[in-house]
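One structure, as C-alpha cells, below. Some questions next.
The values are calculated or read from the model by the stated rules, or taken from the named source; none is laboratory data. Values in this document were obtained by computation on a predicted structure and should not be read as measured data. As a convention, Cβ positions derive from the backbone with ideal geometry for all residues, glycine included, and neighbour counts pool all protein chains shown.
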Amino acid sequence: MEHTAAAIDVALLLYGCACALYLWSILGGATLIRRAAPVCAALGLAFHGAAIGGIAVRLGRAPIMNLFESLIVLAWVLVALYLVMERRHRIAALGAFSTLISLCMLAISSTIPNSLNEALVPALRSQWSVVHVVTCLISYACFVLAFGCAAAYMLQAHILKTKRASLLQTRLPSLDAADQMAYKMVSVGFPMLTLGIITGSLWAQTAWGSYWSWDPKETWALITWLVYAAYLHVRIISKWRGRWANRLLVAGFVCVIATYIGVNFLARGLHKYNW
Amino acid sequence: MHLVVIGLNHRTAPIELREKLSVPETRLPEALDDLASHPRNAECLILSTCNRTEVYAATTAKSDDALITAWMSRFFATAASDFEPHLYRHAGHKAVEHLFRVASGIDSMVIGEAQILNQVKNAYSAASQSGHTGAVLNSLFQKALNVGKRARTETEIGRGAFSVSSVAASLAKSIFDDLKGRTVLIIGAGEMGELTATHLLASGVGNILVANRTYERAVSIAERFGGRPISFEDIPSALGFADIVVTSASAAQPIISRNTVAAAMRVRHGRPLFFIDIAVPRDIEPGVEELDGVFVYNIDDLQAAVETHSAARRIEVSKVEDIIREELEEFMVRFRTFGAVPVITAMLNKFEEIRLEEMQKLNGKLRHLSAEDLDVIDAVTRSIVHKISHTPMLQIKDYMTRDDAAARLDSICELFGICPVDVQTQDEEQDTD
C-alpha cells in the first residue's frame, strides 16, 4: 500500500512538473523545455501505471470498480492518450491541459476514503464490467481532450480576432489543427461511448434484470451520447465547424462530468456502488 | 598568443563590395593556403558568406594587420584603399565575442537566421581539414559552434516573424496550420500585395487566384505566380472557396462588403476566412471582422504585430548576449593559457636537448650495452624528464591567468635559461571599426 501511494505521489509530482514545463514552453520556453515536458509526463505515466498495477495485484481484479479506482485509471488513460496524440501532432497547450486534469483527478482520488480491500457486491462481478468501464473511461478521456481542443480553438480565435499577436498565438494550435484534433478525439470517443452504453446495458440485464431502467447515470450517458452524435452530425453531414462545433464540445464536456461524477453526488440510482 | 579578426559585413560594406570580396567555397582551400603562406599567420580561417567576409588569425608573434589586408588586396584583386574604410578589426577577447555573436545569429542581417551556424561550421571544417587551424582556432571555433547551438536551443532567437509579409504568413499558419492546398485570392496589383503573396507561396500555399479591375492585368499577374485570373465580378463566389484574401486595390470605396462576406461564410460552413488588407484606404468594409470565423488584418494591424515580434526579439537577443557573456568568460580563462605554449615548448625543448646530449655521452662511455638496454635507459630518462616538467607545465599555464603573468613568465625564462621567440601575455589590443 505504501508503495502504490508513493508511486502515485511521484506521478503527481512529475505531472506537476510536466504541466509547468508545457506552460513554460507555450509562453516562450526554449527547445530544451519543450523536449523535457513530454519526458516528464511519460515518466509520470510510468509511475502512475506501476501504481495501478500494484493496486490491481493487491485487489486481484481490475481496479475500476469505484470512484477512487476509476479516477486513477481515467487520469492514466488521459495522459497516455495525449502522449500518443503528441507523437502525431504536438500541441503543448493540450499537454498542459491534460497533465493538469490528471493531476487534479489524482489529487481528488487521494481525498476519497478507500480501504482497497472490500469485496465486490455480486452485481459488479460480471464479465461485462471490465469492458463497460474501460470503454467508458477511454471515451471520457477522448472527450476531455476534445474539450481541450475546443478551448484552445476559442482562445486562439479570440487572440486572432483581438489582434493581440504574440508568441502565445504562434504556440497555440492553429484553428485548423485544433478543429481536426477535436474531431479525431470525438471519432474515437463516440464509438467507445456507444460500446460502453451497449455493454453497460448487457451488464444491467445480468445484474439488475433489465437492459435499461432510466437510472440517472444511464439517462446522462444517453444525453452525452446525443450531444456528441449532434457534434458528429454537424461536423460530418452539414460540414459545419467553428462556433457551433465548439459549443457542442463544451456542452458534451459538461455532460461527461455530469455522467461521470455529478450523478453520484446529486442523484440516487442503481449505479451507486461507492461511485 | 594573438587572436585577431579582420573583415567586413552587411553593416559596414555595400553589397557590390561584399560580392567582390567573397570567397566561393571551391576556392576556399586555395585562399587559405595563400593566406597561410606567410609564416607568421600560424593559424588562420576564412568565413565568407553573402553578408560577410572575415579572416580569423592566431599568431604567436604580434599579428600584422597589414599582412592580412595585403593578402585581401592581392587575392581579390582589389585596391586596399577601396575596402579598408569598410573593414572592422577585433583582437583578443573582442574577437572571441565577435565570433560568438556571429555564430548565434545576432550579428546577422535577419536576426537569429539558422544558416550562419552551418556556414561557420563549414568554414571551420574547411580550415581544419587543410591543416590551417591549431590549438587556438580549434578550441575557439568548437566553442563558437557550441555557443551558436546553445543560443538556438535555450532562447527563441531562431523563431518568430519579423516583417509585415512574414507576419501575415505566420498569422495564416495560426489559422490554417498547413498552408498546403490552401487557396489565396489576390485582389489588386501592388508591391506589398505581391510580396505577401510571394511569402504565402513560399509557405506552401497551393492555388492562387488573381482578380483585377482590368482583366488583362489579372492575367499577367496570374502568369507570374502560376495562378488563375478571375474577373472582378467573380470575387463574391470566389470567397466561398478561397481561404486567404490579400487585397491591395486602390479604391475610394471598400471592394468587399459585410453582406458579401456574410453570404460567403454561409457557404463556407464556418471554415475560417482570412483577409489581409494592405490597401489604404481599406478594401474591406469595416464590420466584416465582426463575423464569426472571419479574421481581418489591415496594414496597421500587421505593423503592430511586427512591433510586438521585434519587442520579443529584443528580449531574446539579450538572453543570447547573457549566454555569450557566460561562455566568453569561461573561454577566456582557457584562452589565456594558450600564451604559455611558447614558454612550455621552449622549456620542453631545452629538457629534451639535455636528455639527448646525456644519452649520447652514455652511449660513448658504456659501449657494452645492448640495444635493448639502451632502449630501457632511453625510456627511463624520458620518463624522468616528463615527470620533472609536469608540475612546472601546469604551473606556467596557471600563471597565465594571473595579473602579473608577464613578470612570472620572465622569471621562468630566467630560471631555465630559455628565450622563446615571443613571450608576451595576451594583451588587450585596441579595436578599430
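Hey, among the residues in segment B:291-318 that are facing chain A (nearest Cβ under 9 Å) and not hydrophobic (A, V, I, L, M, F, W, C), which one's surrounded by the most Cβ atoms within 10 Å (Cβ to Cβ)?
Among residues in segment B:291-318 that are facing chain A (nearest Cβ under 9 Å) and not hydrophobic (A, V, I, L, M, F, W, C), the one surrounded by the most Cβ atoms within 10 Å (Cβ to Cβ) is B:Tyr297.
A further question follows. Test B:Ala262 against the criterion of being among the aliphatic types (A, V, I, L, M), out of contact with any strand residue (DSSP E or B) (no Cβ under 6 Å at 6 or more places or on another chain) and either within 19 Å of B:Val288 (Cβ to Cβ) or not assigned by TED's automatic domain parsing to the domain that holds B:Gly204 (or both), and give yes or no.
Here the answer is yes, as B:Ala262 does meet what is asked.
Here's the yes/no breakdown for (1) in a loop (DSSP other than H, G, I, E, B); (2) at pLDDT 90 or above:
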| site | (1), (2) |
| --- | --- |
| A:Gly200 | no, no |
| A:Leu222 | no, yes |
| A:Val227 | no, yes |
| A:Asn264 | no, no |
| A:Trp275 | yes, no |
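Considering only segment B:224-245, how many residues are in a strand (DSSP E or B) and either at positive phi or among the basic types (Lys, Arg) (or both)?
Matching residues across segment B:224-245 total 1.
Under 8 Å by Cβ, and 6 or more places apart or on different chains, what pairs join a residue from segment B:346-368 that is over 14 Å from B:Ser383 (Cα atoms) with one that is polar (S, T, N, Q) and part of a helix (DSSP H, G or I)?
B:Met347/B:Ser389; B:Glu358/B:Thr381
Follow-up question, since we're still on this one. I'd like to verify a number: residues in segment A:177-190 that are in contact with a Ser or Thr (Cβ under 8 Å, 6 or more places away or on another chain) and either without any contact (Cβ under 8 Å) to a residue 12 or more places away in the chain or of a type in the set (Phe, Trp, Tyr) (or both), how many?
Within segment A:177-190, residues that are in contact with a Ser or Thr (Cβ under 8 Å, 6 or more places away or on another chain) and either without any contact (Cβ under 8 Å) to a residue 12 or more places away in the chain or of a type in the set (Phe, Trp, Tyr) (or both) number 1.
Moving to a separate point now. Quick one: which residue in A:Thr194, A:Thr206, A:Thr162 is surrounded by fewer than 17 Cβ atoms within 10 Å (Cβ to Cβ), of a type outside the set (Phe, Trp, Tyr), closer than 30 Å to B:Ile315 by Cα and more than 8 Å from chain B (Cβ to nearest Cβ)?
A:Thr162
Looking at A:Ala178, A:Ala182, can you tell me which residue is at pLDDT below 95, within 14 Å of chain B (Cβ to nearest Cβ), more than 24 Å from B:Ala168 (Cα to Cα) and crowded, with 24+ Cβ neighbours inside 10 Å?
Residue meeting the stated conditions: A:Ala182.
So, one more: Within segment B:90-107, can you find the residues that are buried (at least 21 other Cβ atoms within 10 Å of the Cβ) and either within 22 Å of B:Leu32 (Cα to Cα) or touching a strand residue (DSSP E or B) at 6+ places or on another chain (Cβ under 9 Å) (or both)?
B:His90, B:Ala91, B:Ala95, B:Val96, B:His98, B:Leu99, B:Phe100, B:Val102, B:Ala103
Then there's this: Looking only at helices (runs of 4 or more DSSP H) that lie completely in segment B:96-208, which have at least 3 residues being outside the structural domain of B:Leu35 (by TED's automatic domain parsing)?
In segment B:96-208, B:164-176, B:191-202 are the helices (runs of 4 or more DSSP H) which contain 3 or more residues that are outside the structural domain of B:Leu35 (by TED's automatic domain parsing).
Being in the same structural domain as A:Arg247 (by TED's automatic domain parsing) and either more than 30 Å from B:Leu273 (Cα to Cα) or out of contact with any Phe, Trp or Tyr (no Cβ under 7 Å at 6 or more places or on another chain) (or both): is that true of A:Ser187 here?
Yes; evaluated as a whole, the condition is true for this residue.
On the basis of being within 14 Å of chain B (Cβ to nearest Cβ) and in a helix (DSSP H, G or I), does A:Ala141 make the cut?
Numbers: within 14 Å of chain B (Cβ to nearest Cβ): no; in a helix (DSSP H, G or I): yes.
No, not satisfied.
Looking at B:Phe275, B:Phe295, which is the one that is in contact (Cβ under 8 Å) with a residue 60 or more places away in the chain, under 41 Å from the mean Cα position of the chain (by Cα) and part of a strand (DSSP E or B)? Working first, answer last.
On the way: B:Phe275 fails: in contact (Cβ under 8 Å) with a residue 60 or more places away in the chain.
After applying the criteria, what remains is B:Phe295.
Say we look at segment A:222-251 and pick out the residues that are surrounded by 15 or more Cβ atoms within 10 Å (Cβ to Cβ) and of a type in the set (S, T, N, Q); which of these is nearest to B:Val294 (Cα to Cα)?
Step by step, filter segment A:222-251, then rank; the result is A:Asn246.
Mind telling me which of the residues B:Glu223, B:Glu233, B:Glu216, B:Glu285 ends up being in contact with a Pro (Cβ under 8 Å, 6 or more places away or on another chain), surrounded by fewer than 21 Cβ atoms within 10 Å (Cβ to Cβ) and away from every other protein chain (no Cβ under 12 Å)?
Testing whether each residue is in contact with a Pro (Cβ under 8 Å, 6 or more places away or on another chain), surrounded by fewer than 21 Cβ atoms within 10 Å (Cβ to Cβ) and away from every other protein chain (no Cβ under 12 Å) leaves just B:Glu285.
Would you say B:Ser48 is under 24 Å from B:Glu321 (Cα atoms), touching a helix residue (DSSP H, G or I) at 6+ places or on another chain (Cβ under 9 Å) and either surrounded by 14 or more Cβ atoms within 10 Å (Cβ to Cβ) or not assigned by TED's automatic domain parsing to the domain that holds B:Ile344 (or both)?
So B:Ser48 fits the description; yes.
Among the residues of segment B:254-270, write down those that are within 13 Å of chain A (Cβ to nearest Cβ), assigned to a loop (DSSP other than H, G, I, E, B) and out of contact with any Gly (no Cβ under 7 Å at 6 or more places or on another chain). Reasoning before the result, please.
The first filter runs over segment B:254-270 and keeps only residues within 13 Å of chain A (Cβ to nearest Cβ), leaving B:265-270.
Now drop any that are not assigned to a loop (DSSP other than H, G, I, E, B), which leaves B:269-270.
B:His269, the sole residue that qualifies.
Further question: How many residues are part of a loop (DSSP other than H, G, I, E, B), away from chain B (no Cβ under 14 Å) and among the small types (Gly, Ala, Ser) if we restrict to segment A:14-61?
1
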